[in-house]
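Engineer: Handing you a structure now.
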């Protein structure tokens, strides 16, 4: 209360000083209507002014003044010309330019904004001006610390008189409060409290710079969600996606919790024992948002719901009607002073936000946070443009800090240009669209896929080269040569092995033909087989010769050579005997001898053939194992 | 000429086809091993699991942020307050360095994956590597077919899955790969006698030492194998090359790892390797002398050497025994001792015994973890004996030892799993080999083919075998296999036979029996696959920090742990100290970034006992202990409201035991009524007044009016009480985590009065207290 009194004293002093200062100009405010909206944590003061020029010179700018304690909380100020004569809200679209000015002969404790009019206000003329001023952190919790069960009470200070460098003829103030309960308020004559609206009756003929402090102490249990810092990263991919990632660092900006938190009380009666806490926030995402996620540094936050209004999407894309609603619930209910941090991310279709004009592309995106009624102390918007973008410029409807960075992401070589916009004290009124213009060659899109393709291509080429190249250190060393020779010998032996096995197949064919003969008695077929086998075997023996001579010349093959030679000899023996047997059998058949006779004739041969075959098989196996 | 070229090329093509097929199968096995472990990510989320992985994750974060040198010198002051912990010197760095390298590699390619993502997927990646290493190892033991089968089995063995699902970022994840790969290189060296592989082997051993304390298994198993080889007369120069470089290089490299250091030569775990090192040299010398001396001279020399050698050995052994006996734990670490004597831990070290994974496993857990492999192992052992080689001897020894170890500690089931897979792979492969060969051999005679085809078909066996294996491993439809094999049968009719059936004809079984056996084996393996997928999906994928339950109205998520940790991390001062039972230490430091008193690295028993004592003391005494430790918040886990069984009340007896082990005024019987642990109205007053009880059940009665504990299924004993020294600051949504704040000290003057009073009245007690009071 002491501080309170001090401020009061200060203002009365200021008032005293101000009242002695000269009249500022010839303007007169014929009628001033102030509506103060205190329903949320953001204070919105709408003032409609009727300005009259009582002097002789045309005037092109109007000054608005705010006391210091309000000026530092001022987040947003706009003045629009109201041209509608009637009650309709026909304010002329765009706001008038406003800027801070420091006129002479005024006390330092006031901040002035000048509103420049498009055309000067002539003598005797009047106009209607609507001014919207939005303040953050203008509500002071009192008491500053409450326990879980207490309700949150706030203090609001303002002046009942419209603080202005001009004379005010008629003025009224209406304060809209969130709930009926008002702890106390400054009572002036004619003050009326009806329901949740507090009215200070019209004041007449107020001199310039008059200040009449009022204080309202009232209950407000709205969520006081304040983002200390919000980093929005908007990443453009020309493959058709805009990825938005928002890192929130949030706290409850209301009256601080005294410490003890009982889940039991909170669960049993959440609206009594925890009235000042909030457990959910609603974010209105742009239409057709997809792959929404909500997490923090330790993983998913499993408490959130998403309502996509996919049905309502229409051609006009009235974003308000077809937005996606995301209800996010922090891991724990936020009591006064508690903090939390989380990240929301979602993807958006590129064509809704990226447009082209004059050979330049531009991104058209909303500036503020999609969360309702959120105060942001520091907002950093980063627009990550695709790699290779040039001629980058940003246009934002209000002053922001701006610079550029470079970000390295998937497979970048030079990095992606990032446009960074920073603004303090952001309120939902700042959710206007801003544009980032840049030039981008569509062919650059192919760079990363091509890089990947070539990367893998060269990897495979390298593998092939490695497999085919001989990487031995010394090619003349004895062991290397021996290895090479040994490989050659192996290959030769393998060839011999194959040839012999061919021979053996041929033998089998002969045998088979003999069996067929015994079954069908078709001598001609048997002879034909014999002929083909004969020619085959002849060719084979020719092939064998160079291989054997190679083996003989090679020193490495010394220990296998005898075996190979033995194999060849045995095979030849076998071959001859088989031939003999075949001839005999065929002869016998031609002579039409009996089966027993044939058997007797070939019996001796047959025995040898079997034993030889056995030996050859053994040798084959031996050689195969080499 | 054409005739001679054609078969040659054909064989080449067939070989190439076979190796391409094998390569493809291996690739698919890798994919299988990776993807079967993603159930946790799909069903839950990409998050680090359980307790230890959080510590590893935190260390990896530190490593990637501060670099390798800061990592070695990292003194962590966020844990074991006020002692702190030298992380760089007490941690096995293999896992962290692996993930860190992976992270740096990806970032050097500008692929901005977060540390968490890299950590989550390290384990699945390495289990793919592990199955490839299994292929290599089994291939060295029993050939390609067995290798592929074993790799496929390992890719999905539940025991290994339990430790390597995505998010289970623990040492074992990479250590199993290192273990198998080290064994592979050892066997490879043994088979080739190449020094190149011997060097690689020691490097791989080094990696294993970096990764896991289980490296002692390698350094004991390999000497045992060497010894067995020597005893059975299998000594060769290859054995020497495989062993000697490993001991020398391996020990030197192991000593480079800070956490091992001089332990590599000073603890008993490593003695076996040195002993065998000496023996192998003696044996080598004997063989050498045998080679240069005549038999007669050799006998004389032998007699001489043996008599002198024996004397020297006796002296050495006496010295070693004396040295070992002089150290209190006989040179063995507690965990190793409990391996040798399964009852050791429960007798002497309650901290080791209190960890559930250090308990001996039950029979169902064998079935759960290795399933049908348990039945295939004996067959594999038999297959290893026909014929017995150095490599298959190793496999047999490996399985025998790991079966013993797994019987002591559940955790070591993990070491059994690869051995079981290798032997089962061998068994299955051999069985399929025999059955398919029998079928192939008899198939043509039935279908009235010529004789040549039979031989042909038998030569096809190897390839066919593989196709069958892939079939059952990948679980592809059976029709495809039969079609493919039929196609192959037809193709080679014209081709010359390359092999003859004489030898292999020996093991031909009746046709029908083989068909039935093959079908049964395929069914068995199919059952195994089904079980593995079920285990991966249902049993082993829960991250344990997020719990879910299915009820009628859908899935319910219990995310209380992270709720509490997030609250701590955002709403308490960054230097506040949080006391909790040690299970939650790692998570608190990693997720909430707050200093803890004790954590899962249970290196200081006294400190843990202090916290245990505080938890089991009455409120005021507990407050004093906590206050002396500068604790500001106390965190307890309470499952009574929702029925979460592994809460602090259920762990409470261990707190009492561990606390009582150091501070004797805490006596376990005080907390038990007739030897029974209970919290209902029959509970002892000590129990009902201890801090843990009070913090868990504070205002619990007001939830339902009866204070019914859903875990213990009873009404609690003391329902209405107030806290005088603690205040509740946060309780999570399902009451699973409750955080209390220590109230500031009472008015000083009143406290002084009290103190002086108590001093005068009980000097004797304070004297007695002096011995058992904690040092802070």
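Throughout, read-outs are computed from the coordinates displayed, never taken from laboratory work. What you see is a predicted model; the values in this text were computed from it and never measured. Neighbour counts are summed over all protein chains in view; Cβ atoms, including those assigned to glycine, are modelled from backbone coordinates with ideal geometry.
Engineer: How tilted is helix A:523-553 with respect to the longest principal axis of chain A? Cα atoms for both, answer in degrees (0 to 90, nearest 10).
Structural biologist: Computed tilt is about 70 degrees.
Engineer: Could you let me know the centre-to-centre spacing of segment A:405-420 and segment B:702-730, using Cα atoms, in angstrom?
Structural biologist: 56
Engineer: Same structure again: Can you sort A:619, B:293 by how many other beta carbons sit within 10 Å, fewest first?
Structural biologist: B:293, A:619
Engineer: I'd like the mean, over residues of B:729-735, of how many other protein chain beta carbons sit within 10 Å of each residue's own Cβ.
Structural biologist: Neighbouring Cβ atoms belonging to other protein chains average 5 per residue here.
Engineer: On to the next question. With the alpha-carbon atoms as the only input, what is the per residue convex hull volume for the protein assembly as shown in Å³?
Structural biologist: 271
Engineer: Still on this structure, please answer the following. I'm a student and want to see the number: the projected area of the Cα convex hull of segment A:478-625, averaged over all directions, in nm².
Structural biologist: About 9.0 nm², averaged over all directions.
Engineer: Just counting partner chain Cβ atoms within 10 Å, what average do the residues of peptide A:494-501 show around their Cβ?
Structural biologist: 4
Engineer: Compute the FRET efficiency between residue A:356 and residue A:453 as 1/(1 + (r/R0)^6), taking r as their Cβ-Cβ distance and R0 = 22 Å, and round to the nearest 0.05.
Structural biologist: Once the sixth-power term is evaluated, E becomes 0.15.
Engineer: If you find the alpha carbon centre of segment B:398-434 and of segment A:589-625, how far apart are they in angstrom?
Structural biologist: Measuring centre to centre over Cα atoms gives 51 Å.
Engineer: Binning at 10 angstrom from zero up to the longest distance, how are the C-alpha pair distances of chain A distributed in percent?
Structural biologist: In whole percents, the pair-distance histogram is 3, 11, 15, 14, 11, 7, 4, 5, 6, 6, 6, 6, 5, 2, 1, 0.
Engineer: For residue A:524 and residue A:558 in the same chain, what is the full-extension length gain: residue separation times 0.36 nm, less their Cα-Cα distance, in nm?
Structural biologist: This chain segment gains 7.6 nm when fully extended.
Engineer: Run lengths n ≥ 4 of DSSP H only: what is the helix-derived mean residue ellipticity at 222 nm for chain A, with -39500 (n - 2.57) per run over all residues, to the nearest 500?
Structural biologist: -10500 deg cm²/dmol
Engineer: Calculate the spin-label point distance for residue B:668 paired with residue A:515, positioning each point 7 Å from the Cα along the beta-carbon direction, and give it in nanometres.
Structural biologist: 8.0
Engineer: In addition: Put a dot 7 Å past each Cα toward the Cβ at residue A:343 and residue A:468; how far apart are the dots in nm?
Structural biologist: Each label point lies 7 Å from its Cα, and together they span 4.7 nm.
Engineer: Of the peptides A:224-235, B:60-71, how do they stack up when ordered by the mean number of other Cβ atoms within 10 Å, highest first?
Structural biologist: A:224-235, B:60-71
Engineer: If R₀ is 25 angstrom, what is the calculated FRET efficiency for the pair residue A:258 and residue B:630, using the beta carbon separation as r and rounding to 0.05?
Structural biologist: 0.60
Engineer: Hey, another quick one. Give the peptides B:362-369, A:74-81 in descending order of average Cβ contacts within 10 Å, highest first.
Structural biologist: Answer by packing, highest mean first, reads A:74-81, B:362-369.
Engineer: What is the packing order of peptides B:311-324, A:360-373, B:89-102, taking the mean over residues of other C-beta atoms within 10 Å and listing the highest first?
Structural biologist: Taking the mean over residues of other Cβ atoms within 10 Å, the ranking is B:89-102, A:360-373, B:311-324.
Engineer: Within segment B:257-288, what residues put their amide N at less than 17 Å from the label point 7 Å along the Cα-to-Cβ vector of residue B:324?
Structural biologist: B:263-279
Engineer: How much FRET efficiency would the formula 1/(1 + (r/R0)^6) give for residue B:382 and residue B:715, where r is the Cβ-Cβ distance and R0 is 35 Å, rounded to 0.05?
Structural biologist: 0.05
Engineer: Further, regarding this structure: Per-residue Cβ counts within 10 Å, from other chains only, averaged over B:558-570: what number is that?
Structural biologist: 5
Engineer: Which part of segment A:361-381 falls in the paramagnetic zone of residue A:433, meaning amide N under 12 Å from the point 7 Å along Cα-to-beta-carbon?
Structural biologist: A:362-367
Engineer: Between residue A:192 and residue A:327, with labels modelled 7 Å along Cα→Cβ, what's the label distance in nm to one decimal, could you check?
Structural biologist: For the pair residue A:192/residue A:327, the computed spacing is 3.9 nm.
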